[in-house]
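Data block below; observations after.
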Amino acid sequence: MPSPHSDVVRPGLCTLLAATAHADPSRVAFIDPKDKVGWSGRSPITWTYGSAAEIVARLASGMRQWRLAPASRVGLIAAAGSETVLSYLAIEAAGHIPCLLPLTWDEDALVAGIQAAGIQAVLTQSRIAGMLPAEGLRCVALRYFGLRYLAAFGPEVPDGVISLDGMVLDGHGGPFAPSSAGLVTFAAADPTQPVYRPADALIASIAVHLATIRIAPRDRILTLLAPADLRGLVTGLGAALVAGAALETCGPFDAAHLAEALARPGPTHLVVPAALERNLAASRCPRSLESVTLAHRLPTRLTTRLLAPGAVHGPRRVIDVLAFDEAALLTASRADGDVAHFLADAHPLAPFPALLDIARDDDGRFAFRGRASKASPLQRGIPPEKAADLWRAVPFAAKIFAGRATEILRC
């Protein structure tokens, strides 16, 4: 990882938040789910870029009071809602490295993941959809003494856990760290496989995605994905901040609440797990729906495409995003052809090879290179060695039939 004393400036997502907040503070940034109070005990809030930047500054200022060295690894148990995105940005603004921890992990997985990544502090919430993550973290801290700070948004933050609401109310803003130290995610949600990605590689991944999906400033991204991995982060928070758009999250899936959110006016870009394609194809989409992004987690079958761009009562654009674990994201528009044909090509032609290039060998196995794929397994105390101009093989291969990739297998 980069030294905290390095002269190289790598702007992060919090820098983009601050820039838009300075230029247009009243622009909407984050929109909470309408049903949020039912599963989190917290009322929904719509945040402008200006108000979000102020809260991030207060949280970051409070975190700087902790006895953590610059570029320390700080965990974040990710869920839908503004608390997660504000926490991510605050960790970055404080000069630390966000480490995304899936909400679905049990205590044993959390202990293993926190220890493997060398995490010294964790931010979360007291209640999320019937779960009590802050309470569970107290048990984790008893098993791993390297975990020094626990903090959570309320209500009813348990003893021994710092109240982030109190930090916001009692704190004062301050400057953001000028450079991002990157982030850590976990390959295949495996707590023993932390992956480090520098800040410029994250921005490159977002740039490749946005060049395909085309989101305009002040558009709205409506996502069902929590920012718990590269897939959720790039298509949601990352895309919103780079484009200057608004990000609206949906909590535990509810078809009625999703339909209500979709019906609200304004250009909208929907991000959903690919498994919902059949449901969307059978639904009448509002005219304001500019695009649907279908996010695939590999391995997967590439079945018949049911959503077509520009169809009657359908979205104007349909986008496929394939997550090759945490190594790379491949974004493809169906208007430019079927991704199954693209992946079957012996020599796929990536549209932005300097940022992300793809290759497939005779056995069907994929490899990537380029700035967007600049990531390495995290080894504590050993800087990751990864050059953007070197090919990196990933543990996935395509099963080809009749000129189409019918399935992507883990190999």
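Short-range pairs are left out: with C-alpha atoms under 8 Å and at least six residues apart, the relative contact order of the chain is 15 percent. Among Gln120, Gln65, Gln379, the largest mean-square fluctuation in a Gaussian network model of the chain (Cα springs under 10 Å) belongs to Gln65.
Binning the C-alpha pair distances of segment 109-159 at 5 Å intervals from 0 yields a P(r) profile of 5, 22, 34, 22, 13, 4 %, listed from the shortest bin outward. Rg and Dmax, both from the Cα atoms of segment 1-147 and both in Å, are 15.9, 47.
Debye sum, Cα scatterers, segment 130-197, no solvent: what log₁₀ I/I(0) at q = 0.16, 0.20, 0.21, 0.25 1/Å? Debye output, listed in q order: -0.86, -1.09, -1.10, -1.09.
Treat segment 266-411 as a sphere of radius equal to its Kirkwood radius over Cα pairs and apply Stokes-Einstein at 20 °C in a medium of 1.002 mPa s; give the translational diffusion coefficient in µm²/s, rounded to a whole number. Answer, rounded: 131 µm²/s.
So what does the Cα-only Debye profile of segment 212-326 read at q = 0.13, 0.14, 0.16 Å⁻¹, as log10 I(q)/I(0), no solvent term? Results for segment 212-326 at q = 0.13, 0.14, 0.16 Å⁻¹ read -0.45, -0.52, -0.70. Angle of helix 133-143 to the longest C-alpha principal axis of the chain, folded into 0 to 90 degrees and rounded to 10: 70°. Summed over qualifying helices (DSSP H, 4 residues or more, each -39500 (n - 2.57)) and divided by its residue number, the chain shows a 222 nm mean residue ellipticity of -8000 deg cm²/dmol. Taken one residue at a time, the phi angles of segment 77-94 give Karplus couplings (6.51, -1.76, 1.60, θ = phi - 60°) of 7, 8, 9, 5, x, 5, 4, 5, 5, 5, 5, 4, 5, 5, 4, 5, 5, 7 Hz. Gly and Pro are set to x.
Rounded to the nearest 10 degrees, what's the angle between the helix 13-23 long axis and the longest principal axis of the chain, both from Cα atoms, 0 to 90? Value to nearest ten degrees: 80. For segment 278-401, the relative contact order comes to 17 percent (Cα pairs under 8 Å, sequence separation of at least 6). Model label points for Asp345 and Leu409, set 7 angstrom from Cα along the Cα-to-Cβ axis, are 2.4 nm apart. Does a label point 7 Å from the Cα of Phe401, set along Cα-to-beta-carbon, have any residues of segment 322-353 with amide nitrogen under 20 Å, and which are they? Taking a point 7 Å out along Cα→Cβ of Phe401, the residues of segment 322-353 whose backbone N falls under 20 Å are 338-346.
Using the alpha carbons alone, the radius of gyration of segment 174-216 stands to its Kirkwood radius in an Rg to Rh ratio of 1.10.
For the pair segment 310-379 and segment 122-189, the centres of their Cα atoms are 34 angstrom apart. Full extension of the chain between Arg305 and Asp170 gives 43.4 nm of extra length, using 0.36 nm per residue less the Cα-Cα distance. For segment 336-341, backbone phi angles converted through the Karplus equation (6.51, -1.76, 1.60; θ = phi - 60°) give residue-by-residue couplings of 9, x, 6, 4, 5, 6 Hz, Gly and Pro being listed as x. Compared with the dominant Cα axis of the chain, that is its longest principal axis, helix 199-213 is turned about 40°. Backbone geometry of segment 363-378 corresponds, through the Karplus equation with coefficients 6.51, -1.76 and 1.60 at θ = phi - 60°, to 3J(HN,Hα) couplings of 8, x, 7, 9, 9, 10, 8, x, 4, 6, 9, 6, 8, 8, x, 7 Hz, x marking Gly and Pro.
None of the figures in this text is laboratory data; all of them are computed from the coordinates on show. No experiment lies behind these values; they were computed from the predicted model shown. Reconstructed Cβ throughout: ideal geometry from the backbone, glycine too, with neighbour counts over all protein chains shown.
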